[in-house]
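The values are calculated or read from the model by the stated rules, or taken from the named source; none is laboratory data. If you're wondering where the values come from, they're calculated on a predicted model, not measured in any experiment. Cβ: placed from backbone, ideal geometry, glycine included. Neighbour counts: every protein chain shown. The accessibility values were calculated without ligands, DNA or RNA, using every heavy atom of the protein model including side chains. Shrake-Rupley method; radii C 1.70, N 1.55, O 1.52, S 1.80 Å.
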Amino acid sequence: MKKSILFAALLIAVFSVNAQRVSSRAKAVRMLAYARPEYQVKDVKVYADTMTVFSLSDYPIYPIGKWSTVEQFITNNQLQWYRESGYKSFYDTMTVAVNTLKRLDGTNINVYRSIWTDKLEMVSAKITDTAVVLDNGVRVGMSKEEVFKTVFKSYPKSYTADINVLKVIAGAAEVGEIYTFKGNKLRHIQIISRYKYY
């Protein structure tokens, strides 16, 4: 009797794990159908508390907008930045001329000017200041629902209830934004890049 109860409990555990995987896949497929057309979403993945959206639009590549110079960005957003210029090593240990823009709270944005695109390209960023607004309108302090509505037209709220991290990644997976939530609020934005700098 004890063996059959133990076997039944083991079967229930195995089937519940498989059901959870199917549920995550089904959730991802449904979220793909809700995506906004301007994001050109090609795939959505859900793993544990993280949802990853793969986009072909310019939003993940140019999260602060398209600018030819750092001065244009600073003038346009009208915030006081502390600027540092120098050389940094990134990703493949190449040295790159980088402009770092900093705010008093520790927010920092690292960009370089590409000779190929003639635009500021993102190297990395950590944003915790509520005054910094990305090109898609997202800022720290927004509700989880407001952030998700920038990428999705509508969706069942239960699909995002257990999501604490939303990643919006460029199609080639070289650049992306990572939105981290605490409770129902956006607490942190990170911008990552795996570009190779030639």
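Can VAL44 be described as among the hydrophobic types (A, V, I, L, M, F, W, C), free of Cβ contacts under 8 Å to residues at least 24 places away in the same chain and open to solvent by less than 30 Å² (accessible area, probe 1.4 Å)?
Here the answer is yes, as VAL44 does meet what is asked.
Please specify each residue of the range 109-138 satisfying the condition of being farther than 21 Å from THR50 by Cβ and open to solvent by 30 Å² or more (accessible area, probe 1.4 Å).
TYR112, ARG113, ILE115, TRP116, THR117, ASP118, LYS119, THR130, ALA131, VAL133, ASP135, GLY137
With the checklist (1) loosely packed, with under 13 Cβ neighbours inside 10 Å; (2) among the aliphatic types (A, V, I, L, M); (3) under 15 Å from GLY176 (Cβ atoms) in hand, flag the one item ALA97 doesn't pass.
Single failed check for ALA97: (3).
Show the residue pairs that are 6+ apart or on different chains and have beta-carbon atoms under 8 Å apart, the first residue being within the range 61-84 and closer than 15 Å to ILE191 by Cβ and modelled with pLDDT of 90 or more, the second being open to solvent by 80 Å² or more (accessible area, probe 1.4 Å) and not basic (Lys, Arg).
TYR62/ASP135; PRO63/ASP135; ILE64/ASP135; GLY65/ASN76; GLY65/ASP135; TRP67/ASN76
Any idea how many residues of the range 161-173 are in contact (Cβ under 8 Å) with a residue 60 or more places away in the chain and more than 15 Å from the chain's Cα centre (by Cα)? I'd like the intermediate steps shown before the answer.
Step one: list which residues in the range 161-173 are in contact (Cβ under 8 Å) with a residue 60 or more places away in the chain, which gives 162-171, 173.
Narrowing further to those that are more than 15 Å from the chain's Cα centre (by Cα): 162.
Matching residues across the range 161-173 total 1.
Look through VAL147, VAL151 and report the one residue that is in contact with a Phe, Trp or Tyr (Cβ under 7 Å, 6 or more places away or on another chain), free of Cβ contacts under 8 Å to residues at least 40 places away in the same chain and among the β-branched types (Val, Ile, Thr).
Unique residue meeting the criteria: VAL147.
I need a count of the residues in the range 172-190 that are within 13 Å of VAL140 (Cα to Cα) and buried (at least 21 other Cβ atoms within 10 Å of the Cβ).
Count: 4.
Consider the range 34-60. How many of its residues are under 17 Å from TYR155 (Cβ atoms) and either at pLDDT below 90 or assigned to a loop (DSSP other than H, G, I, E, B) (or both)?
2
Condition first: closer than 18 Å to VAL132 by Cα and among the basic types (Lys, Arg). Now tell me which residues in the range 160-189 satisfy that.
If the condition is that a residue be closer than 18 Å to VAL132 by Cα and among the basic types (Lys, Arg), then LYS185, ARG187 are the ones that fit.
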